[in-house]
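The values are calculated or read from the model by the stated rules, or taken from the named source; none is laboratory data. Just so it is clear, the structure is predicted and the values come from calculations on it, not from any experiment. Note: ideal-geometry Cβ built from the backbone for every residue, glycine included; neighbour counts use all protein chains shown.
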Amino acid sequence: MGDGSLSQEEIDALLMGTDEMSTPAAKGGSAMTDTGGLSPTDKEILSDAFSDAMQVAGTQAGAMVGKNVQITNAQVEEIPTAQLAQELPQGGVVAEIRMGSTQTALVFPKDLARRIAQTMMGANDDGGDINDAHLSTLSELSQSIISSMANGLGAKFNDSLSPSMPEMKVYNSPADAPQFVGGVVKVAYNMTVEGIPSARIMHYVDAASATKWARANRTQSAPQAASFDMDFGAPAAGGGMGGASGVSVNPINFPSLQQSGSSSQLPPNLELLLDVQMALTVELGRTKKYVKEILSLGEGSIIELDKLAGEPVDLLVNGKLIARGEVVVIDENFGVRVTDIVGPAERMARMAGG
């Protein structure tokens, strides 16, 4: 209007614009809605953590079974609670174990469970169903696997995950399925036991705990921007900024990678982790073989490793190299005398190199 006053239509338009400006999207950002589900980043964090933990657990399981055991390829998926009973293998073994306040269940398919139990018992596999002797044997194996996982996940996510004794059962009907409160996160693995066909095993975890771990870890590992001060001096003659002499940049001080002396104090709160058990592995050597070469292995086969006789063996904690040493015999048992501690610089170089 020519007199500068606003018409009713213009007033209504302004009021509508004010309402729009009050929404998060109108303020320059989109409204974030937490659906409670796992994001792709959450699943990647969990997959890496479970893979690392199961790598150590597989080594310990192998010591119990008396065969080489590998548990690999962790795949994380969030499923409805009702789906759990539908996908459990008929006749399979369910081991319900709590890790602290976290509800979990480890599930073995029937044939794999029976073959592993028979191997541990020193008996021939005669087929048939799972019996009480099998369940008792698998209870020890499940306890070992979950205990190792609890140590790895507890250290990774800074959570108290003391495992309980497993409750073993054979899955025959939906009534035998674990009863989770809320959603369920399924972690599927490939389990390979020497002399036994590989199969998929499942590890079910309550979704609340899995989500808490993933998002807490994602927050802690988020990159922090390095800050530095810039001091713009007075313009040089001629109206410019005076070139490089007009800008002063303070250097960024990074923490030293040198090992601290024995008199240095422990970082804050580190004493909380001092009683956490970790798996220490001694590795004699490694090699790579084609599938056809592995399938041709039998009793008496010789496998050449990548280390020369007399070379130090590697000491790994949770799969990470920390030291090297030489093999000794202590009261008819093998031992390792540590001869070299891997320094921070070498560990960083190995991490960078994958």
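Considering only residues of segment 298-319 that are at pLDDT 85 or above and within 24 Å of GLN277 (Cβ to Cβ), which is surrounded by the fewest Cβ atoms within 10 Å (Cβ to Cβ)? So the residue we want is VAL317.
Residue by residue, here is whether (1) under 27 Å from the mean Cα position of the chain (by Cα); (2) modelled with pLDDT of 80 or more; (3) over 30 Å from VAL282 (Cβ atoms) holds:
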| position | (1), (2), (3) |
| --- | --- |
| MET1 | no, no, yes |
| ALA26 | no, no, yes |
| THR41 | yes, yes, yes |
| MET54 | yes, yes, no |
| VAL65 | yes, yes, no |
| ALA85 | yes, yes, yes |
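When the residues of segment 180-210 are filtered to those that are in contact (Cβ under 8 Å) with a residue 24 or more places away in the chain and of a type in the set (S, T, N, Q), which remaining residue is surrounded by the most Cβ atoms within 10 Å (Cβ to Cβ)? That would be SER209.
Does MET165 satisfy the criteria of being closer than 20 Å to VAL276 by Cα, touching a residue at least 24 places away in the same chain (Cβ under 8 Å) and surrounded by fewer than 19 Cβ atoms within 10 Å (Cβ to Cβ)? Answer is yes for this residue.
Filtering VAL170, VAL181 for residues that are farther than 24 Å from THR41 by Cβ, at pLDDT below 90 and assigned by TED's automatic domain parsing to the domain that holds ASN68 leaves a single hit, VAL181. Within segment 102-130, the set of residues being modelled with pLDDT of 90 or more and either among the small types (Gly, Ala, Ser) or closer than 23 Å to ASP159 by Cα (or both) comprises THR102, GLN103, THR104, ALA105, LEU106, ALA113, ALA117. One residue alone among GLN118, GLN103 is buried (at least 18 other Cβ atoms within 10 Å of the Cβ) and free of Cβ contacts under 8 Å to residues at least 24 places away in the same chain, and that residue is GLN118. All of ALA53, ALA113 fail the test of being part of a helix (DSSP H, G or I) and more than 20 Å from ALA150 (Cβ to Cβ), apart from ALA113.
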